[in-house]
Amino acid sequence: MKRLILAPLFILAFAITSYSQTEGGLGFIGGLNYNSNGNYYESIDANAQNPDKNVGYHLGIFYKIGHLVYVKPELLFTSTKSGYDDGDFKMQKIDAPVLVGIKIIGPLSVFAGPSFQYILDSDFDGDSIDKIENDFSVGLNFGIGLNINKIGIDLKYERGFSKNEAAFIGNNLGEETLSRLDTRPEQLILSLSILL
């Protein structure tokens with residue numbers, strides 16, 4: 001009786017394992033980001049406005065090294081948008097996550113690692129923001145991946161480690177005010193990758 005139960009499970013495990021991504025190499029990656037940045041303060045004494053989450057995108061390349069335990073550095077162009085009562089904050093950046101993963105069963109793996117970010121451009125409601133505290137920042141990525149042959153699907157969470165404020169002149173009822181916005185990202189990232 002045990003053999004009748006174990007035989008189909010063994011065949012299923014073998015089939016899943018044989019179709020999982022077994023090789024490393026260079027590939028392309030792209031997908032959608034469901035993101036928001038930090039709080040927006042319209043003036044020094046104003047209450048914080050929490051952002052609405054919006055959909056952005058990312059495109060880039062990666063290189064996977066290893067099989068059961070692997071390292072996967074990525075180089076991505078990322079575009080994000082966060083909505084506030086007073087307007088939208090848009091940001092374009094270069095992300096360079098370095099992920100370390102481990103296969104847990106068949107084509108499934110879990111991974112985590114730092115993400116290095118460089119802000120290329122940002123604007124709030126059409127006005128360019130030049131005074132961001134740090135153009136370069138570090139965050140954390142972790143998630144789960146499904147890899148079959150040369151196709152991979154990853155779902156990961158990213159969070160910036162420390163506040164990175166932008167200060168700019170805002171306009172409140174015709175009066176100029178010094179506004180601040182936390183550019184630190186918080187996002188869910190869904191990626192499709194293809195190994196060459």
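In segment 60-74, which residues are touching a Gly at 6+ places or on another chain (Cβ under 6 Å) and aliphatic (A, V, I, L, M)? I65, the sole residue that qualifies.
Applying the set (1) over 19 Å from E186 (Cα atoms); (2) at pLDDT below 90; (3) surrounded by 13 or more Cβ atoms within 10 Å (Cβ to Cβ) to F62 leaves exactly one unmet item: (2).
The values are calculated or read from the model by the stated rules, or taken from the named source; none is laboratory data. These figures come from a predicted structure and were not determined experimentally. Because the Cβ atoms are built from the backbone with ideal geometry, glycine has one as well, and the counts that use them run over all protein chains shown.
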